[in-house]
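First comes the structure, then the notes that go with it.
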Amino acid sequence: MSLSVIVLAAGQGVRMKSDLPKVMHPLAGRPMVRYVVDTARALQPTCLTVIVGHGADLVRQAVGDGVTYAVQAERLGTGHAVQQAAEVAAGRAGTVLVLFGDTPLVRPETLRQAIAHHEAQGAAVTMLSFRPGDPTGYGRIVRDEAGERVVAIVEERDATPEQRAIGEVSSGMYCFRDGWLWPNLARLAADPAFRAKHAEIYLTDLVAMARQQGEAVLAVPIADALEAIGLDQRAKLAQGEAEMRRRINKRWMLAGVTMVDPAMTYVEAGVEIGADTTLWPNTLLQGQTRVGRGCTIGPGTIVRDSTIGDGCRAELSVIEQAIMDEGSEIGPYGHLRKGAHLGPGVHMGNFGEVKNSYLGPGVKMGHFSYLGDATVGAEANIGAGTITCNYDGKHKHPTVVGAGAFIGSDTMLVAPVTVGDGAKTGAGAVVTHDVPADTVVYGVPARVHPPQQEGKGDPLWSPSPEPPAEAQEDK
Ligand code: UD1
């Protein structure tokens, strides 16, 4: 039978105590409503509607195209929320599945089974039930004496002490027969007499209505209670995060990734990892990150929105919006910032920082250096403590270091400046002018070695030093 899915995502989520709409809270780096929509898509519905209200623009942005949106301007209950989809969804499919935007752990297989049972039994309403450790707060499911059909769902506030003791509760997810749902939802909305002691329009009240009409109401238990939990407060959010992370890690381990301690390895939903890569504890792979094959990442490493090639190593380092080509390595304690690109086989050792720079193949930058807005040629050596002074307080300036250049320890490269191929700078040099290829410079400010005669050679490198360039800082 054809399927229509409605995802309720209009609520604020007061129990979250947050400015962010509840369904926008991330799980493994992705707003929880995205998981629900992805699960709905996996069922290949003919019609997929998302009900938005609180923070509608944010939710629309997160979910994107390919779904129909309906707006619930006022939050008047779950039944009212579904009613907002009537115009776009009614009559579009045989079965209507209602999902909650705050219940992201439900699996497509679980929903498929419930839908199959609902359709095979010809029920008007089939709810997905579960047994949480503590049923407080959930709608309790009252079954008939045979235990097969559902008599009522009783919300916490309306429940008697005996009903509160019932362990089976409603997950809030339902299958409805399309032809039955829409006219009866309209009746429920129009006639407060159908509503049990409350002003809101609850989906749950459709159960009593179907019963009165002699229609079959079923409950299909979800075996894994975790799939049914609504992440409506922070403690449950943490539970959901742990479960989602466990699922993601399991998937990557099955794909050939070693996690030395999966419980301490944090891989977000959008990440990809090649086989034979090892992740050590306290490693976070976030956003749009790709890690190649045979890498060793961590311990204690954050990789965010970055691409790491095959056979790379990163230890105790932070890598953000950066690229590491195959065989390059960083750490301990390195930081690649936006636009950093380490070419093949680059070695970046202790306490280095690179921003918006390309380091060519085989470059070595062993210790305590900062390169910003720089281009470094192949096989150059960046000595300990080298700094590109790329910022004059107003503008950023580029630095170019040629292939095979040797930058002595503690060199300040005052940008804009170019050091030619094969050139060398002495330890502590402050380079304020371009250095020709295969030339040695030293001192403060740096001048050519051996010193040239005054008035001869390159005037830029006259031995009588010009006043030192205004000190520039690194940024
Ligand atoms: C609901 C069920 C309860 C079930 C529980 C499971 C009802 C009346 N109660 O209670 O039986 O045990 O879920 O978690 O259905 N929403 C809207 N518009 C509204 C109201 C809600 O879009 O006007 C959305 C919320 O964003 C949320 C979902 O519906 O995603 C659930 O609403 P919520 O108010 O949290 O229901 P519960 O009180 O948890």
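Only bridges with both residues in the chain count here: give the DSSP antiparallel percent, nearest 5.
That works out to approximately 20 percent antiparallel.
Taking the simple approach of a point 7 Å from Cα along Cα-to-Cβ for both residue 194 and residue 263, what is their distance in nm?
Taking the simple label geometry, residue 194 and residue 263 are separated by 5.0 nm.
Expressed as cubic angstrom per residue, what is the convex hull volume of the alpha carbon set of segment 122-169?
80 Å³
Mind checking which of 336, 98, 390 is farthest towards the positive end of the chain's charge dipole, using Cβ charges of +1 (Lys, Arg) and -1 (Asp, Glu) about the Cα centre?
Farthest towards the positive end: 98.
As I understand it, the dipole of the chain uses +1 on the Cβ of Lys and Arg and -1 on the Cβ of Asp and Glu, about the Cα centre. Which of 47, 62, 260 lies farthest toward its positive end?
Towards the positive end, the residue furthest out is 47.
Under 1.5 on a/c is rounded, so check that first for segment 257-346, then, if it is not, pick prolate when a/b is larger than b/c and oblate when it is not; a ≥ b ≥ c are the square roots of the alpha carbon gyration tensor eigenvalues.
In terms of gyration-tensor shape, rounded.
In the chain, if every C-alpha pair distance is counted and binned at 10 Å from zero, what percent goes to each bin?
4, 18, 20, 15, 12, 11, 9, 6, 3, 1, 0
Output the peptides 314-320, 278-284 sorted from most to least packed, where packing is the average of other Cβ atoms within 10 Å over each peptide's residues.
314-320, 278-284
Where the centre of each part is set by its Cα atoms, how far does segment 61-111 sit from segment 127-142, in angstrom?
21 Å
Can you work out the FRET efficiency for the pair residue 223 and residue 145, with r the C-beta to C-beta distance and R0 = 22 Å, to the nearest 0.05?
So the FRET efficiency works out to roughly 0.35.
Across bins of 5 angstrom width beginning at 0, how are the C-alpha pair distances of segment 200-312 distributed, in whole percent?
For segment 200-312, the binned pair fractions read 2, 11, 16, 18, 11, 9, 7, 6, 5, 6, 5, 3, 1, 0 percent.
By average Cβ neighbour count within 10 Å, what is the ranking of 52-60, 120-128 from highest down?
Most protected by this proxy first, the peptides run 120-128, 52-60.
Could you calculate the FRET efficiency of residue 120 with residue 46 from 1/(1 + (r/R0)^6), where r is the beta carbon distance between them and R0 is 30 Å, rounded to 0.05?
0.95
Between residue 282 and residue 162, what length comes free when the chain is fully extended (0.36 nm per residue of separation minus the Cα-Cα distance, one decimal in nm)?
38.5 nm
Extent of segment 1-147 along each principal axis, from alpha carbon coordinates, in Å, largest to smallest?
Between the extreme Cα coordinates on each principal axis of segment 1-147 lie 46, 37, 30 Å.
With angles folded into 0 to 90 degrees, how steeply does helix 32-42 sit against the dominant principal axis of the chain? Use alpha carbons for both and round to 10.
Helix 32-42 sits roughly 70 degrees off the main axis of the chain.
What are the principal axis extents of the Cα atoms in segment 1-88, in Å, biggest first?
40, 30, 19
Any chance you could check the Cα centroid distance between segment 345-422 and segment 174-215 for me, in angstrom?
About 70 Å separates the Cα centre of segment 345-422 from the one of segment 174-215.
Net charge within 13 Å of residue 311 by Cβ-Cβ distance, Lys/Arg positive one each and Asp/Glu negative one each, not counting residue 311 itself?
So the surrounding residues net to -3.
Can you list which of the chymotrypsin sites (Phe, Trp or Tyr not before Pro) found in segment 274-367 are DSSP loop residues with at most 13 other C-beta atoms within 10 Å?
none
From a point 7 Å beyond the Cα of residue 187 in the direction of its Cβ, which residues of segment 123-162 have a backbone N at a distance under 19 Å?
Only 123-127, 150-153 pass the distance filter.
Once you charge only the Cβ atoms, +1 for Lys and Arg and -1 for Asp and Glu, what is the size of the charge dipole of segment 58-171 about its Cα centre, to the nearest 20 debye?
That gives segment 58-171 a dipole magnitude of about 220 debye.
Calculate, for residue 337 and residue 239, the FRET efficiency according to 1/(1 + (r/R0)^6) with r their C-beta to C-beta distance and R0 51 Å; round to the nearest 0.05.
0.90
What's the angle, to the nearest 10 degrees (0 to 90), between helix 108-121's Cα axis and the longest principal axis of the chain?
Result, in degrees: 20.
Which angle between 0 and 90 degrees, to the nearest 10, do you get for helix 178-190 versus the longest principal axis of the chain when only C-alpha atoms count?
It is inclined by approximately 80 degrees.
How big is the equivalent ellipsoid of segment 99-189 along its three axes, where each semi-axis is √(5λ) from the Cα gyration tensor, reported in whole Å from largest to smallest?
22, 17, 14
Label points 7 Å out from Cα along the Cβ direction at residue 375 and residue 310: separation in nm?
With each label point 7 Å from Cα toward Cβ, the separation is 2.8 nm.
Among 204-212, 62-70, 410-418, how do they line up from the highest to the lowest mean number of other beta-carbon atoms within 10 Å?
410-418, 204-212, 62-70
For segment 126-260, what is the charge dipole size about the Cα centre, in debye to the nearest 20, if Lys and Arg each add +1 at the Cβ and Asp and Glu each add -1 at the Cβ?
480 debye
For a test of understanding, tell me how many lysine pairs in the chain have Cα atoms under 19 Å apart, given they are 8 or more places apart or on different chains.
12
Coordinate-derived values only; no laboratory data. Because the structure is predicted, anything quoted here is derived from the model rather than measured. For neighbour counting, all protein chains shown are included, and Cβ atoms are generated from backbone atoms with ideal geometry for every residue, glycine included.
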